[in-house]
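Student: Here's a structure for you.
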Amino acid sequence: MTTESPLIHDGSQMVAGADWSAAFNDANGPGKSAQFLCVKASTATARTLILATAGGEAIYGILQNKPALGFAADIGILGISKARLGAVVVTGKALMTDSSARLIQATGTNQRVAVALEAGNTDQIIAVFVAPWNTVASGGG
């Protein structure tokens, strides 16, 4: 059973840069929520989040709720969180973002942002240890 505790939240310091209140069409396909995807700070607007859409990039954290555009986003920034996968992952491996804000096994020198606490398949939601500031060990890539 996937859990998300203990998890440090950012205290709703940021707002959603898109409407994530319901299912939407994006790179993940129609009808999928942005909840449990990786987000980063917008460089265009202060205190605004956008989805992490460049594979292997740094993130702010993992979206925990489904906020509408401009509403407070609950972000898990350190600890055990749920996260959506972009590929098959193995327990204990370091993870990075894919181009759809999901997590995949880390490769090369890409930013490592989490560790898989359980194995999973594409689009499955699993428990991960999120540490978005590249403090995650290589985990065997």
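Student: For region 11-75, what is the largest minus smallest coordinate of the Cα atoms on each principal axis, given in angstrom and ordered from greatest to least?
Tutor: 28, 26, 19
Student: Which order do the peptides 117-125, 34-42 take when ranked by the mean count of other beta-carbon atoms within 10 Å per residue, highest first? Mind dumping the intermediate values first?
Tutor: Details: 117-125: 15.1, 34-42: 22.0.
Answer by packing, highest mean first, reads 34-42, 117-125.
Student: Mind checking which aspartates and glutamates have their Cα closer than 14 Å to the Cα of Lys32? Skip sequence neighbours fewer than 8 apart in that chain.
Tutor: Result set, ordered by chain and number: Asp19, Asp123.
Student: Identify all lysines with a Cα-Cα distance to Lys93 below 24 Å; exclude those on the same chain that are fewer than 8 residues away in sequence.
Tutor: By straight Cα distance, Lys93 reaches Lys40, Lys82.
Student: If one computes P(r) from the Cα atoms of the chain, what percent of pairs lie at distances over 28 Å? Please list the in-between numbers first.
Tutor: Numbers: 841 of 9870 pairs.
Here the long-distance tail beyond 28 Å is 9 percent of all Cα pairs in the chain.
Student: Shifting gears a bit: Taking θ as phi - 60°, what are the ³J(HN,Hα) couplings along region 47-57 by the Karplus curve (6.51, -1.76, 1.60), each to the nearest whole Hz, with x for Gly and Pro?
Tutor: So the Karplus estimates, Gly and Pro as x, are 6, 10, 9, 9, 5, 6, 10, 10, x, x, 9 Hz.
Student: Note down the nm distance, to one decimal, between modelled labels 7 Å out along Cα→Cβ at Val88 and at Ile8.
Tutor: Here the answer is 3.5 nm between the modelled labels.
Student: Might you report the magnitude of the Cβ-based charge dipole of the chain about its Cα centre, with Lys and Arg at +1 and Asp and Glu at -1, to the nearest 20 debye? Display every interim value, and only then the final one.
Tutor: On the way: 9 positive and 9 negative charges, 19 e Å.
Dipole about the Cα centre, nearest 20: 80 debye.
Student: Another question, then. Using DSSP, restrict attention to beta bridges with both residues in the chain and report what percent are antiparallel, rounded to the nearest 5. Walk me through the numbers on the way to the answer.
Tutor: Values: 29 of 32 bridges.
Antiparallel: roughly 90 percent of the beta bridges in the chain.
Student: Continuing with this model, one more query. Give, rounded to the nearest 20 debye, the magnitude of the charge dipole that region 11-75 has about its Cα centre when Lys and Arg contribute +1 at Cβ and Asp and Glu contribute -1 at Cβ.
Tutor: Numbers: 4 positive and 4 negative charges, 10 e Å.
Charge dipole, region 11-75, about its Cα centre: 40 debye, nearest 20.
FYI, it's all coordinate maths here, none of it is from the lab. The structure presented is a predicted model; accordingly, all values stated were derived computationally and were not measured. As a convention, Cβ positions derive from the backbone with ideal geometry for all residues, glycine included, and neighbour counts pool all protein chains shown.
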